[in-house]
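Derivation of every value follows stated rules applied to the coordinates shown; laboratory data play no part. From a predicted model like this one, the values you see are computed outputs, not experimental measurements. As a convention, Cβ positions derive from the backbone with ideal geometry for all residues, glycine included, and neighbour counts pool all protein chains shown.
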Amino acid sequence: MTQLESARRGEITPQMLAVAKEEGMDPEILRQHIAQGTAIIPANKNHRGLQPKGIGQGLRTKVNANVGTSSDFPDINKEVEKAKAAARAGADTIMDLSTGGDIDRARIAIRDATPLPLGTVPIYQAAIEAMRRHGHLAKMKEEELFEVIERHARDGVDFITVHCGVTLESIRRLQEQGRLTDIVSRGGALLNCWMVRNGKENPLYSRFDRLLEIAAEYDLTLSLGDGLRPGCLADATDRAQIQELIILGELVERAWAAGVQVMVEGPGHVPLDQIEANIKLQKRLCRGAPFYVLGPLVTDVAPGYDHITAAIGGALAAAAGADYICYVTPAEHLGLPTAEEVKEGVIAARIAGHAADLVKGIPGAWAWDQQMAKERKALHWDRQIELSIDPEKAARYRKERHPALENTCTMCGEFCAMKITSELG
């Protein structure tokens, strides 16, 4: 029985209890949100030692960190190191996007590196295996794709991105309209290639019931991927993106009917003035299903700083109702990130999520900021560092720039406003 099916029967599972405790929420309220499909707990029955996390209505905005090998850098140990760095930095979930080396072994190693929920994108491995086996992606058999999906499920993967909305109809709209950056989703591009070469419908859409059977067996959460997300501001909120979203909204209801947990992925590159509308449109079309956003990035001109452009967009998106942020590292658009860049991406996304939680009224969010304010007023530097979102960096700055007077900093020194005011009594 899945978490969704249990919730509908009025049962509070151990995973629901664990999430409710972490969130400071009444377990019954959480159960109701899960029963309605507005919250999820990705928790594959085969994932031993899992630390469950809740995503959705009334819950803290969650942050995902992507790791994984590539053909140029197939070193599994480095990706394990990055997964551990992401967990230490406060990521809530890890996604393995491996495309190089021994992908099965990489998935198991990354799964075992942390107790966090694990996500994958099975079309990557299915495409690579088809190229090795048949010589070309287009020769991939439909059942080979579903075999890879089931392999991931057996290995305890908690959620998978599946680009079910990349259909012949949505591709036709894309072709007729035209785009500056076409398809920037790797999964979307792979499926588009298969569909065009074979003249057939996307099997993830045409055989969605097969996908639901696998998901229901393992309580595998489906993350309905945005294969036609905009890859630049000029392409944001266009017909192809919205057509895909309409399809995903329909598939959400089919997943719920099958007792399968589901969330929806969103853009992409989006200008500031379109972010709120995008979130509200998704929530409307997908009946309140949890929304998972990549950024969104609010400008195209900041390579090396895209963790900042994504954090700006992520804060706005989460404040408008997005539930889950996929981090972006400083290396985005440039190369595979280092462990330190993974940490930077996680921290930036966590700042965005917390800023949104303050306005969403998430329990504990305001208390954290208020405690920091009290410690600043009291010039309690050790407590300020402890309360920091990145205590390690805060402590390093404090140590390197330690003032002559221990209760001030080198910015203001003896002219510290807090100190002057407190001495007035």
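Computed over neighbours whose Cβ is under 10 Å from that of Ser170, the net charge equals +1, Lys and Arg +1, Asp and Glu -1. Candidate cross-link partners of Lys343 among the aspartates and glutamates, defined by an alpha-carbon separation under 12 Å and a same-chain spacing of 8 or more, comprise Glu81, Asp390, Glu392.
Direction-averaged projected area, Cα convex hull, segment 295-397: 7.2 nm², rounded to one decimal. Scoring 266-274, 67-75 by mean Cβ neighbours within 10 Å over their residues and listing the highest first yields 266-274, 67-75. When each of the peptides 343-354, 136-147, 156-167 is scored by how many other beta carbons lie within 10 Å of its residues on average, the order from highest to lowest is 156-167, 343-354, 136-147. The distance between label points at Arg154 and Glu340 comes to 4.2 nm (points 7 Å beyond Cα on the Cα→Cβ vector).
May I ask which of Lys53/Lys82; Lys62/Lys200; Lys280/Lys360; Lys82/Lys374; Lys82/Lys377; Lys53/Lys377 have a Cα-Cα span longer than 25 Å here? Listed pairs above 25 Å: Lys62/Lys200; Lys82/Lys374; Lys82/Lys377; Lys53/Lys377. Estimated at 0.36 nm per residue, the fully extended path between Met1 and Asp112 surpasses their Cα-Cα distance by 37.5 nm. In order along segment 274-290, the phi-based Karplus estimate (6.51 cos²θ - 1.76 cosθ + 1.60, θ = phi - 60°) of 3J(HN,Hα) comes to 10, 5, 4, 4, 4, 5, 5, 5, 4, 4, 5, 6, 9, 6, x, 4, x Hz; Gly and Pro are listed as x. Give the separation of the Cα centroids, segment 176-236 to segment 355-372, in Å. Using only Cα atoms, the two centres lie 36 Å from each other. The relative contact order of the chain, computed from alpha carbon pairs under 8 Å that lie at least 6 residues apart in sequence, is 16 percent. Panel note: the C-alpha atoms of the chain, placed on their principal axes, show extents of 78, 48, 41 Å (largest first). Computed from phi, the 3J(HN,Hα) profile of segment 368-380 under the Karplus parametrisation 6.51, -1.76, 1.60 (θ = phi - 60°) reads 4, 5, 5, 5, 4, 4, 5, 5, 5, 4, 7, 6, 8 Hz, with x in place of Gly and Pro.
Between the helical axis of 186-198 and the longest alpha-carbon principal axis of the chain there is an angle of about 10 degrees. Full extension of the segment from Glu253 to Asn77, taken as 0.36 nm per residue of separation minus the current Cα-Cα distance, would add 59.4 nm. Absence of a disulfide-compatible partner, taken as no other cysteine beta carbon within less than 4.7 angstrom, is noted in the chain for Cys164, Cys193, Cys232, Cys286, Cys326, Cys409. A cut-off under 13 angstrom between Cβ atoms defines the neighbours of Tyr292, and their net charge, with Lys, Arg +1 and Asp, Glu -1, is 0. The simple Förster model, with R0 at 35 Å and r as the Cβ-Cβ distance, assigns Cys232 and Lys393 a FRET efficiency of 0.65. Can you classify segment 365-423 as rounded, prolate or oblate using the Cα gyration tensor, where a ≥ b ≥ c are the square roots of its eigenvalues, rounded means a/c under 1.5, and otherwise it's prolate if a/b beats b/c and oblate if not? Oblate.
With R₀ set to 56 Å, the beta-carbon distance separating Glu147 from Ile420 gives a calculated FRET efficiency near 0.20. Neighbours of Thr338, meaning other residues whose beta-carbon lies under 10 angstrom from its beta-carbon, give a summed charge of -1 when Lys and Arg score +1 and Asp and Glu score -1. Taking every DSSP beta bridge that has both residues in the chain, what percent is antiparallel when rounded to the nearest 5? Looking only at bridges with both residues in the chain, the antiparallel portion is about 5 percent. Here the extension length gained between Ala138 and Glu213 equals 24.5 nm, from 0.36 nm per residue of separation less the Cα-Cα distance.
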